[in-house]
Every structure is written in C-alpha cells, then in structure tokens.
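See structure below.
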Amino acid sequence: MPKRIYSSLNFENHPGIYSFASIAGKKEGEGPMKNYFDRIEPDPSFGEENWEKAESRLQSDTFQLALQKARLKPFDIDCMVAGDLINQCTGSSFAVRETKIPFLGVYGACSTMAESLLLAGILVDGGYSFRTAAVTSSHFSTAERQFRFPLSYGGQRTPTSQWTCTASGAVIVSSDPANSENSGNPGLYLAGGCIGKINDLGVTDSTNMGAAMAPAAADTIQRYLGDTKTCPEDYDAIVTGDLGKIGSELFIDLLLKQNLDLTKVHQDCGCLMFDDQQQDTHAGGSGCGCSASILCGYFLPKLQDHTFKKILFAATGALLSAMSPQQGESIPGICHLVEIRSE
C-alpha cells in the first residue's frame, strides 16, 4: 500500500537549502528591509516593454542569481516549482521557458513560496529529484492591472488594503549535504511542513485580505504545533506572510483563544517590508514576492549565521480571482508551512 501523506510532514532525509536569492523593487528597497536584499532594481519595468514581461524578467533574474551563488547551471536543476499572481501563472512560465527545466506551475496567491518550498522538499526528500528550485514573484503594476484598477485611474485605497510588492525570491533545495563545500549557503535544511487547508469565514472585502487569511494561518500553525508536539517557544521565529497589520492582530487573537501565545515569536513579512509611517502602504505589504524576498533576504541569512536555529515559515494566500468578488463570492484563505533549521 502506498504511504499515506498527512497534512503535517516530517522530512526524514533533511533536504538541504543549497542556495537562495532575493531581488526587490525601488519602493521595497526604500523600506526597513533595504539592506537585506541581494539586489534592488530601480527600474520598475526591468528594461521590458510591459509590466507582465517585467515580472517575468524579475523572476528569471532572481533564479539566475540563485544559480550563480551556488555555481550551478540550469541543467543542474531537475525541476522548478514556481508561481505568481498573473492569470495562468504566465509570469513564471514565461520566465522559465528558455531554461528547458521540467516545470510545475503552482498557484497559492501570497502563500506560493511556502507551497513551492513544500513541494520541493517532498520531491527531494522522497528521492524523486536531486535539486529542485522554488521560485515566486509579484509586481505591483501587474497585480493592480489584474485585480484592482488601471494605475492611471488613481483609485483611493482603503485603510485595510495592502501594497503588492515588486519582489522575488528563489531557493534551490537539494539532496546534497547541507554543509557541502560547493554550496553557496551551507547549513540549512527543511525539517518538515504542513499542507494548508482552505478556511473561509465569509469575508467578502477584497481590500481586506488580511482578515480573510488570518484564520488559515491560525489553523495551519495550530495543526503543525499539535502534530509535532511543540510550542511557540521552541522556535526562534514563527513567520507569516502576508497578513499585514490587521491580519496579524486577528491571527494573534485567534490563537490566544486556543491558549497559544505567539506574541513573542511572531513576525509578519507584510509588516516588515514597509515603513507604514513614511511609505503610506496602509496595512502593509502583500504579494507572492513579499514573503519570498524577505525569507531569502532576511530570515535564511539569520539561520545561516545562527542568529536563529529554527523557524516556521507560514505564507498565507487569499484565493480570489479578479471575477469572484464581483460574483458575490467570499474569499477562501490558505496557509502552507515549512519548518527550516540551521545545521
């Protein structure tokens, strides 16, 4: 009988994080995280003729940077798991099409980086792949065009709205030993994960995605802590992305009602990305690239230098389309989780 896959997973073979990279846009490079990204791109068009091509270039450049840091070539990668916010994930498929790497396109909205890492870990831990890349991106202008209003419209943003980040993150997961001397970033590995369940409490306001995603984050983290018989204090950080300010408050409150206090270890990528006093982003950052770039730019280096030893990375997604709110649908939320440790 095939081995059953449960929602919480233990990676017995400790898939190593072989390399990682992050690139952010100009606005993101002006915020509190500015010193942590590998590269800040001042040109929002990335030298391309439209926003969608710009996002594909952003994602492609981030993946190429991760390869360069590990001294690898595209043919060294067995599979790429990637996604974005553009319809049919064209940002990712167009970014990877010239590499000829076997491709799994995934969509988890802002949870895509955790979903990609989770799938990469499963492939490598199960022996189906030697090296798998997990890559995600988002672009403010592609998201605005698809989900909200044309940029020239100048629509008023609500206080609960979040700012889609122009950013990308890439992680190469490998069965190579985590401390291999050929690795660009030795000593990190995936210890386990949790596949998210859709949670929907009936939120219909597409400008308040933090409220839609908070129940999913609470559910996933509560299940993983229960399955692993651990408590919040066992981790140096429990990282969500991207609940923003409002979603983070709801998330903490939901878990406090379950007698779980995360106030000392919780950090949210949507809250970390921007200075809400100086940059006027309302409830914070969002988008696939927000949590991906902060994971690769900030948290993985903190694990690498042993400032942190163990974190939970739980990226959240609001699974709406451009059409579903117009049809009166509520917003399903999901949260996928990976546990990352230093050697």
Unmatched cysteines, the chain - criterion: no other Cβ of a Cys under 4.7 angstrom: C79, C89, C110, C194, C231, C269, C271, C288, C296, C335
Ratio of alpha-carbon Rg to the 2.2 N^0.38 Å globular estimate for the stretch 24-93, to two decimals, please. 1.20
Considering the zone a paramagnetic label at Q64 would reach in this model (a point 7 Å from Cα along the Cα-to-Cβ line), which residues of the stretch 76-99 have amide N under 20 Å from it? 76-84, 90-99
Could you list the square roots of 5 times each eigenvalue of the Cα gyration tensor of the stretch 188-342, that is, the equivalent ellipsoid semi-axes, sorted largest first and rounded to whole Å? 25, 18, 14
Grab the other residues whose beta carbon is less than 14 angstrom from that of T62, score K and R as +1, D and E as -1, and report the net. -3
So what J values fall out for the stretch 195-204 if you push phi through Karplus, 6.51 cos²θ - 1.76 cosθ + 1.60 with θ = phi - 60°, rounded to Hz, Gly and Pro as x? 7, x, 10, 6, 10, 9, 9, x, 5, 10
Here the FRET efficiency for D253 versus K26, based on Cβ atoms and R0 = 35 Å and rounded to 0.05, is 0.50
Give a residue-ordered list of calculated ³J(HN,Hα) values for the stretch 74-81 (Karplus: 6.51 cos²θ - 1.76 cosθ + 1.60, θ = phi - 60°; whole Hz; x for Gly, Pro). x, 6, 7, 9, 7, 7, 10, 10
Karplus (6.51, -1.76, 1.60) ³J(HN,Hα), θ = phi - 60°, over the stretch 323-332, in Hz, Gly and Pro reported as x: 8, 4, x, 5, 8, x, 6, 7, 10, x
Radius 11 Å from Cβ of P232, net charge of other residues (Lys, Arg +1; Asp, Glu -1): -3
Cα centroid of the stretch 240-285 to Cα centroid of the stretch 23-71, whole Å: 25
Springs between alpha-carbon atoms under 10 Å, Gaussian network over the chain: tell me which of N13, N35, N259 tops the mean-square fluctuations. N259
Work out the charge dipole of the chain with +1 on the Cβ of Lys and Arg and -1 on the Cβ of Asp and Glu about the Cα centre, then indicate which of I101, N35, A214 is farthest towards its positive end. I101
So Q222 and D280, fully extended at 0.36 nm per residue minus their Cα-Cα distance, gain in nm 17.6 nm
Calculate, in nm to one decimal, what S93 and C231 gain on full extension: separation in residues at 0.36 nm each, minus their alpha carbon distance. 45.8 nm
Potential extension, D76-R39 segment - 0.36 nm per residue separation minus Cα distance: 11.0 nm
Taking amide H positions as placed 1.01 Å from N in the peptide plane, with prolines and chain starts having none, which residues 5 or more places from T240, or on another chain, fall under 5 Å of its amide H? Q267, D268, C269, A314
Dividing the Cα radius of gyration by the Kirkwood radius, what Rg/Rh value follows for the stretch 13-174? 0.98
Who wins for biggest fluctuation among R71, R39, R57 in a Gaussian network model of the chain, springs between alpha carbons below 10 Å? R71
Pair Y128, L201: separation of 7 Å Cα→Cβ label points (nm): 3.4
Using the alpha carbons of the stretch 78-118, what is the convex hull volume per residue in cubic angstrom, as a whole number? 56
Given H placed 1.01 Å from N in the peptide plane, which residues other than close sequence neighbours of S19 have an amide H under 5 Å from its amide H? I172
Give the lysines reachable from K257 as a straight Cα distance under 22 Å; neighbours fewer than 8 places away on the same chain don't count. K197, K229, K245
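Values in this text are rule-based calculations from the coordinates and carry no lab data. Predicted model, so just to flag it, every value in this text is computed and none were measured. We place every Cβ from the backbone using ideal geometry, glycine too, and count neighbours over all the protein chains shown.
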